[in-house]
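Undergrad: First the structure, which I've put down as structure tokens, then a few questions once you've had a look.
Every read-out reported here was derived from the displayed coordinates using simple, explicitly stated rules and does not represent laboratory data. Here the structure is a predicted model, which means the values were calculated and not measured. Counting neighbours? That spans all protein chains shown, and the Cβs are built from the backbone with ideal geometry, glycine included.
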Amino acid sequence: MSELAWWQRGVIYQIYPRSFQDSDGDGIGDLAGITTRLRYLVELGVDAVWLSPIYPSPMADFGYDVADYCNIDPMFGTLADFKQFADRAHELGLKVLLDFVPNHSSDRHPWFEESRSSRENPKRDWYLWRDPAPDGGPPNNWLSRMGGSAWEWDAPTRQYYYHAFLREQPDLNWRNPRVRRAMDDVLRFWLDRGVDGFRVDVLWLLIKDARFRDNPPNLAYKAGEPAHHRLLQTHTEDQPEVHDIVRSMRATLDEYGKRVLIGEIYLPVPQLMKYYGANGDGADMPFNFQLLNARWNAGDIANMIRDYNSALPEHAWPNWVLGNHDNPRVASRAGPVQARVAAVLLLTLRGTPTLYYGDEIGMTDGDIPPDQVQDPAELRQPGIGQGRDPERTPMQWNTSSAGSGFTTGKPWLPIAANTSVHDQEDDASSMLSLYRRLLSLRHSNAALVQGTIENVAAFGDVLTYERRCRNLRLFIALNMGAKEATVQAHRGVVLLSTLAGRDGDALVEGVNRLAAGEAFIAAI
Ligand code: GLC
Ligand code: MG
């Protein structure tokens with residue numbers, strides 16, 4: 001497997017730092033806490049840890065509003081704690097990925113404070129300032145992804161600034177070469193500290209239309225969708241010039257050797273593929289989010305896999321994401337039984353899997369009482385049901401203590417506990433055991449890591465495909481329905497099934513039985 005890079009062979013695990021492990025009893029996770037849990041990740045069998053933002057921040061968007069790109073928020077620790085975390089991770093053979101948030105800073109970042117101080121300030125043009133429309137209103141119709149206009153009036157300097165998200169998150173002007181240089185220095189700051197790569201926040205939003213034209217209406221808008229979907233994002237996302245920026249990030253990472261560049265990009269597959277660049281000069285992995293809102297049935301998922309694979313440029317490496325801090329958890333979307341099927345899917349598809357903390361124990365979305373809502377997306381747009389708190393609840397290490405082993409204090413979000421690592425650890429039929437078996441099989445089986453994917457097909461509720469590498473040939477069958485089904489197979493042996501006690505069973509040539517919600521991997 002040696003010709004593949006570590007990030008092609010490996011599995012990424014996303015930690016939402018506020019919610020993984022608290023070490024000081026303030027109810028909020030921190031770096032020292034994460035460091036004490038690294039061994040758990042090694043035993044689980046993942047290879048790289050991606051931390052959502054840990055930089056100094058007023059926390060208007062829980063760290064996605066950065067006030068200093070080159071430091072650690074005291075809530076999470078210090079640069080020394082970060083070093084300890086990264087050193088320990090590296091000792092244990094884990095790679096360390098950071099979240100890079102270049103599209104916007106916090107409004108409390110010194111750059112923005114300077115920028116807003118006067119129209120003549122040298123940093124004025126580091127952000128997107130515009131004069132009001134003739135009627136005094138916002139310069140154009142662009143909408144914030146967190147509700148309302150994307151333009152905020154600044155009375156002292158009598159101009160508006162643009163924010164794709166909260167008003168506390170002004171967008172940087174990536175057409176300004178000084179901004180590019182400053183951000184390049186940020187990448188280098190962390191690369192010099194041994195960081196193995198970055199997940200780049202909202203990469204497809206970095207550049208906006210140079211002429212600030214109005215976005216056209218979205219004629220397909222349906223009631224209940226977020227308000228900004230009323231407009232097409234024609235002039236606010238996926239602008240052709242963004243690819244220059246991706247190329248320059250890539251070039252910086254290349255100076256440091258094998259580092260990985262991952263882009264957060266919510267776009268249809270054909271546009272997504274452009275972020276790979278040409279001849280490897282783009283992102284290593286534009287995140288493939290299709291599973292996050294897939295309709296959970298065999299036919300749709302078979303089509304999705306085929307379309308994605310056939311759209312991949314030559315030499316581009318695929319990837320799959322099953323959960324993250326912005327979307328409902330898979331165990332809630334698909335239900336507890338299908339969450340096990342989803343685990344098999346994620347870890348047997350071709351490409352790098354990204355796993356979201358807690359999904360390995362089947363954590364479900366937490367129930368957040370209205371008076372405990374924290375997510376600004378929900379607080380600023382009440383009633384839209386877009387809140388992201390449910391998928392951000394604290395990691396459930398045990399069910400025997402009030403803080404679930406996450407904290408000795410009062411957790412920042414309620415704990416959704418009905419299961420835990422401790423409860424599942426010694427249970428061979430648990431979700432945790434399933435993930436451990438899957439990860440261990442994946443690491444030892446070249447067909448799963450680097451094999452081709454072939455014969456993707458759906459028959460009723462059953463999805464099947466093969467992974468092949470030299471003389472290794474695997475047959476994967478997933479029953480995405482609630483009824484027993486049959487599947488046509490070749491002679492072989494089951495290496496792993498979601499059902500306890502089936503490993504090692506023979507597959508017969510012809511018709512084989514697949515229990516409701518069962519998925520297996522067989523050598524044929
Ligand atoms: C990304 C993050 C999300 C955040 C937004 C603004 O989509 O994943 O959590 O709110 O960017 O930074
Ligand atoms: Mg803490």
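Undergrad: Using 23 Å as the Cα-Cα cut-off, could you pick out the over-long pairs in Lys95/Lys258; Lys83/Lys410; Lys83/Lys258; Lys208/Lys274?
TA: Pairs exceeding the cut-off: Lys83/Lys410.
Undergrad: For Leu31, Leu496, what ranking results if the residue with the fewest other Cβ atoms within 10 Å of its Cβ goes first?
TA: On the way: Leu31 26, Leu496 23.
Going from least to most buried by this count: Leu496, Leu31.
Undergrad: A further question follows. Fewest to most neighbouring Cβ within 10 Å: what's the order for Asp68, Asp426, Asp244?
TA: Result, fewest neighbours first: Asp426, Asp244, Asp68.
Undergrad: Something else about it: Sort His490, His235 so the one with the fewest other Cβ atoms within 10 Å of its own Cβ comes first. Please report the intermediate quantities before stating the final value.
TA: Values: His490 14, His235 19.
Lowest to highest Cβ neighbour count: His490, His235.
Undergrad: Then there is this: First select every other residue whose beta carbon is under 14 angstrom from the beta carbon of Gly280; then total the charges, Lys and Arg +1, Asp and Glu -1.
TA: Values: positive: Arg247, Arg250, Lys258, Arg259, Lys274; negative: Asp254, Asp281, Asp284, Glu314.
Its environment carries a net charge of +1.
Undergrad: Roughly how many Å is it from the Cα centre of the stretch 238-282 to that of the stretch 24-49, as a whole number?
TA: 29 Å
Undergrad: Once the other residues with Cβ under 12 Å from the Cβ of Ala60 are scored (Lys, Arg +1; Asp, Glu -1), what is the net sum?
TA: Around Ala60, the surrounding residues sum to -2.
Undergrad: So what's the Cα pair-distance distribution over the stretch 110-162, bin width 10 Å, in %?
TA: 26, 50, 23, 0
Undergrad: Have a look at the DSSP beta bridges in the chain and tell me what percent are antiparallel, nearest 5. Intermediate values should be presented prior to the final figure.
TA: Values: 40 of 64 bridges.
Of all bridge pairs located within the chain, approximately 60 percent are antiparallel.
Undergrad: Local charge sum around Gly366 (other residues, Cβ-Cβ under 10 Å, Lys/Arg +1, Asp/Glu -1)? Don't jump to the answer; show the numbers that get you there.
TA: Working: positive: Arg329, Arg392; negative: Asp365, Asp367, Asp389, Glu391.
Around Gly366, the surrounding residues sum to -2.
Undergrad: Right, another one. Could you work out how much longer the chain between Lys410 and Tyr40 gets when fully extended? Use 0.36 nm per residue separation minus the Cα distance between them, nm to one decimal.
TA: Taking Lys410 through Tyr40 to full extension adds about 130.9 nm, to one decimal.
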